[in-house]
Amino acid sequence: MRNIIFFGPPGAGKGTQAKTISTYLKLPHLSTGEILRSKITQKDQIALQLKEIIDSGKLVSDEILNQIVAEKISTDCEDGFILDGYPRTLYQANFLNNLLENKNYKLNHIFNIDLSFDILKKRILKRSTEENREDDNASVIETRFNEYNKTTKPVSDFYKKDFNEIYYDIDGNDQIEKITNKIKQIL
């Protein structure tokens, strides 16, 4: 069983790398962003609330995400998983660590993809056009980046401190293939 977490600000390429490594290792890729975007298409009351939260650049509550991730890990991840976009808060990290401990699972690799805000902004605006994502616009990008630095960066730092032997900083300014090759070498 292999359990992997990808960290990095929005647009760092963690989703791209997680998908590639998911295929490479034949493990489920649990992207909270994709799960939430899929839920939004259902057009029910929760979907409308989620759309409003995501479109404003704010983060979905810990309780909702914890429930989604716990369900996915319990039902879809008997051989392991790749998390992308979770945990985003220290509360979520504690929830995840307790969940894994209760299941006798452990984390094997944690990758933090880091890059400059200017490159990040260019990538997200390009992705917005290519994928027709309404949640990727200039005002939302800055809100999400600031929110990342305020809430998720401390989570990444927590894992770096407490799981240093399996934590890897990756230069997100490199080309996609070069980043993938670095990750595969570590794995």
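The list [x] 39, 38, 29; [y] 53, 35, 32; [z] 194, 47, 33 gives values of Cα extents along the principal axes in Å, and only one came from this structure; which label was calculated from it?
From the options [x] 39, 38, 29; [y] 53, 35, 32; [z] 194, 47, 33, the structure gives [x].
Does a label point 7 Å from the Cα of residue 139, set along Cα-to-beta-carbon, have any residues of the range 46-72 with amide nitrogen under 15 Å, and which are they?
Those under the cut-off are 52-58.
Can you pull out the GluC sites (Glu not before Pro) in the range 32-127 that DSSP calls coil and that have at most 12 other Cβ atoms within 10 Å?
78
Express the accessible area of the chain per residue in Å², computed with a 1.4 Å probe while the remaining protein chains stay in the model.
The answer is 53 Å² per residue.
Tell me the carbon and sulfur percent of the accessible area for the chain, rounded to whole percent, probe radius 1.4 Å.
48 percent
Of 75, 23, 143, which is the most mobile in a GNM of the chain whose springs link Cα atoms less than 10 angstrom apart?
Of the options given, 75 has the highest mean-square fluctuation.
Scan around residue 113 for amide H atoms under 5 Å from its own, H built in the peptide plane at 1.01 Å from N, and keep only partners 5 or more places away or cross-chain.
Those qualifying (amide H under 5 Å, at least 5 residues apart or on another chain) are 7, 8, 170.
Which shape class, rounded, prolate or oblate, goes with the range 123-187 when its Cα gyration tensor gives a ≥ b ≥ c as root eigenvalues, a/c under 1.5 marks rounded, and past that a/b bigger than b/c marks prolate?
oblate
Identify which of 89, 16, 152 has the largest mean-square fluctuation in a Gaussian network model of the chain, with springs joining Cα atoms closer than 10 Å.
Of 89, 16, 152, the Gaussian network model singles out 16 as fluctuating most.
Considering amide H positions built from the backbone, and no H for Pro or chain starts, which residues 5 or more places from residue 80, or on another chain, come under 5 Å of its amide H?
Excluding prolines and chain starts, which carry no amide H, the hits are 2.
Within the range 1-83, which trypsin sites (Lys or Arg not before Pro) sit in a loop by DSSP and count at most 13 neighbouring Cβ atoms inside 10 Å?
For trypsin sites (Lys or Arg not before Pro) across the range 1-83 that sit outside H, G, I, E and B with at most 13 neighbouring Cβ atoms in 10 Å, the list reads 26, 43, 58.
The values are calculated or read from the model by the stated rules, or taken from the named source; none is laboratory data. Since this is a predicted model, take the numbers as computed values, not measurements. Virtual Cβ from ideal backbone geometry, glycine too; neighbours counted across all protein chains shown. Each accessible area value is taken on the protein alone, full model and side chains, heavy atoms only, with ligands, DNA and RNA left out. Shrake-Rupley method; radii C 1.70, N 1.55, O 1.52, S 1.80 Å.
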